[in-house]
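Undergrad: Just dropping this structure here.
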Amino acid sequence: IFMKLTISTDPRIKTKISDLLPDQISIRISGCFDETMTKNFCEDFSKAHQTGQPVIPIIIDSFGGQVYSLLEIIGIIQTSKLPIMTICSSKAMSCGAILFCFGTEGYRFMSPHATFMVHEVSSIELGKNNEIQSGAKEVQRLNDKILQLASENISSNKNFFSDLVHKNNHADLYLDAKICKKYNICNHVGIPEINVKVGVNYSISSANTDLFSF
């Protein structure tokens, strides 16, 4: 993980610090959303729940991809027993933008130089007239679904993103970190840091009651 790690250690500890730190798993989303990405995500997500870590960081740097793969990943996230931290390090676009919104409230971070882009679902339909019409209905269903899910997860009304896209004449909508913070799409502008404090605690007790700790 690229996040800054700060470790403060009690000088009385002589053990190798790396041996005291628990395994931590972060999930990186880069490239195109597809079946391979979904498979890898599922494996990493399962491992993260077994490490004892308090949060699952998902680092997003993607132009987007397949909506069905996105929906599978969202379904996996919704089963989490841990808070989800989403971090936009460079770009969260299309499927990446929707996924970013599924960070737990208070855990969505954007680099000050990152870009968020949301738009309507696109598709190329080929075939007979009735097949094209059926495909168009499915595209509309997917579009309404992902925009509504993302809107509700950032604590806005269910039409938040569809209204934004409509005001932008249904073109690709690009937002910087400052604007995303204003809209509560992200909660923090900046990359989070991990602070680890390793120490030794002594206590004096009597009848199972702690009297002093130092």
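None of the figures in this text is laboratory data; all of them are computed from the coordinates on show. Note that this is a predicted model, so its numbers are computed, not measured. Cβ coordinates were reconstructed from backbone atoms using ideal geometry, including for glycine residues, and neighbour counts include every protein chain displayed.
Undergrad: Please compare each pair in K137/K158; K81/K178; K91/K181 to a cut-off of 22 Å on the Cα-Cα distance and tell me which ones are over it. Walk me through the numbers on the way to the answer.
TA: Details: K137/K158 20 Å; K81/K178 30 Å; K91/K181 15 Å.
Flagged as over cut-off: K81/K178.
Undergrad: Between K158 and E105, take the C-beta separation as r, use R0 = 25 Å, and let me know the FRET efficiency to the nearest 0.05. Walk me through the intermediate numbers first.
TA: On the way: r = 16 Å, r/R0 = 0.64.
For R0 = 25 Å, the calculated efficiency reads 0.95.
Undergrad: With a sphere of radius 15 Å drawn around the Cβ of M37, what net charge do the other residues whose Cβ falls strictly inside it have (Lys, Arg +1; Asp, Glu -1)?
TA: -4
Undergrad: Let me ask something else about it. Could you please report the charge total around D144, scoring K, R as +1 and D, E as -1 over all other residues with beta-carbon less than 15 angstrom from its beta-carbon?
TA: Summing Lys and Arg as +1 and Asp and Glu as -1 gives 0.
Undergrad: Right, here's the next one. What are the residues whose amide H is under 5 Å from the amide H of V55, where those residues sit 5 or more places off or on another chain and H is modelled from the backbone?
TA: none
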